[in-house]
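Presented below is the structure to which this report refers.
Please treat every number below as a calculation from the coordinates, not as lab data. Small disclaimer: the values here were computed from a predicted structure and weren't measured. We place every Cβ from the backbone using ideal geometry, glycine too, and count neighbours over all the protein chains shown.
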Amino acid sequence: MGCLDGTPTQPLGQVARLRRGQSITRSRVRPGPVPVVAGGLRPAYFHDEPNREGPTIVVAGSGANAGHVSWWEEPIFVSDAFSVEPDPGRLDPRFCYHFLKINQQRLYERKGGAGVPHLYPRDVAGLAVPVPDLGTQRRVAADVDSLSDLSGGLREKLCAELDLLDRMLVIHRRCILGL
């Protein structure tokens, strides 16, 4: 049972604007600091002007990663993807982002197309989003952000500890084997 059980829901397309990106090819890119967000997990390239101001929720539109949800604080250029722009009076952006991340697998499953997979705004517009009051949304988003930060910090520490253990193991093996 979730903490938002019983909360009224709305179709995503009624509480957020789903806006396609603009096509841009490598030959039309002008070098600059603005990430071009397309169908991958990282920026495809960098351009000199944005078509979205941060913060922005982006859903990759095509390719193997179609449906991947990302959050961008800075201005970006949305290309082969679409942005999710919550109605600020009804849906908190971070709450919406976390909702979409929780439903990441459902987005992947909605991909269509022969050959190159695609996900269009219409494919997710009907997704039922819980819409509690904005105060509750902000508290939930802040709690999830805190847990994500804690998890990320622990992951970094764990990786550092594992690296140290690996190095110690190599040293001990050399000592034991007399190398």
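Brief remarks follow.
- Here the chain has an Rg and Dmax of 20.6, 70 Å, counting Cα atoms alone.
- Cα long-axis angle, helix 134-177 against the chain (0 to 90 degrees, to the nearest 10): 20
- Full extension of the chain between ALA64 and LEU147 yields a length gain of 27.0 nm, computed as 0.36 nm times the residue separation minus the alpha carbon distance.
- With Cα atoms, 0 to 90° folded angle of helix 93-102 axis to the chain main axis: 60
- Selection from VAL129, GLY54, ASN103 lying farthest towards where the dipole of region 37-179 points positive, charges on Cβ: ASN103
- The stretch between ARG90 and ARG26 holds 19.3 nm of extra length on full extension. This uses 0.36 nm per residue minus the Cα-Cα distance.
- Placing R0 at 22 angstrom, the Cβ-Cβ distance between ALA128 and GLU74 gives a FRET efficiency of 0.10 after rounding to 0.05.
- For the chain, with +1 on Lys and Arg beta carbons and -1 on Asp and Glu, the positive-most of ALA141, LEU91, LEU162 along the dipole: LEU162
- Relative contact order %, region 36-179, counting alpha carbon pairs below 8 Å whose residues are six or more apart: 19
- Amide proton proximity set for ALA16, modelled H, under 5 Å, gap of 5+: ASP87
- Rounded to the nearest 20, the Cβ-based charge dipole of region 9-132 about its Cα centre (Lys and Arg +1, Asp and Glu -1) stands at 300 debye.
- Net charge, PHE82 excluded, C-beta distance under 12 Å - Lys, Arg +1, Asp, Glu -1: +2
- Pairwise FRET efficiency - TYR108 versus ARG42, Cβ, R0 = 22 Å, nearest 0.05: 0.75
- Here is how the number arises for the chain: DSSP H runs of 4 or more residues each give -39500 (n - 2.57), the sum is divided by the residue count, and the result at 222 nm is -12000 deg cm²/dmol.
- Between ARG19 and LYS101, full extension at 0.36 nm per residue minus the direct alpha carbon distance yields a gain of 27.7 nm.
- FRET efficiency for ALA160 and GLU53, using Cβ-Cβ distance with R0 set to 35 Å, rounded to 0.05: 0.45
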